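Nothing in this text is a laboratory measurement; each read-out follows from the coordinates by a stated rule. Predicted model, so just to flag it, every value in this text is computed and none were measured. Heads up, the Cβs are rebuilt from the backbone with ideal geometry, glycines too, and the neighbour counts pull from every protein chain shown.
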Amino acid sequence: MTTAAFWTATFERMIRTFAQALIAALGLDEAGLVDAPWGDALSLAGGSAVLALLTAVATSGTGGDGPGVTEAVRERARP
């Protein structure tokens, strides 16, 4: 959890989770399945991103070096 690679992978996961939740909420709204205006959709996506962060922190040290239980962060070879 103390490496830059861990935090880079965690930040990437947060962005992916945010985008997925936002697209899902707005897509369900557009399909008429839920009533999720932009403000609510952004709140849902933000909460999902925070949960992704908390999951990464909570599972750090339980498996590989990455933010997930079974995930290992690969360091890029520098030229």
Item to check | Fraction in percent of alpha-carbon pairs per bin - 10 Å, segment 4-59 | outcome: 28, 43, 22, 8, 0
Checklist entry - Quick one: length gained pulling ALA31 to TRP7 fully straight, 0.36 nm per residue minus the C-alpha distance? => result 5.1 nm
Checklist outcome for this item: Each label sits 7 Å from Cα toward the beta-carbon; between ALA24 and SER43 the label points are separated, in nm, by 1.8
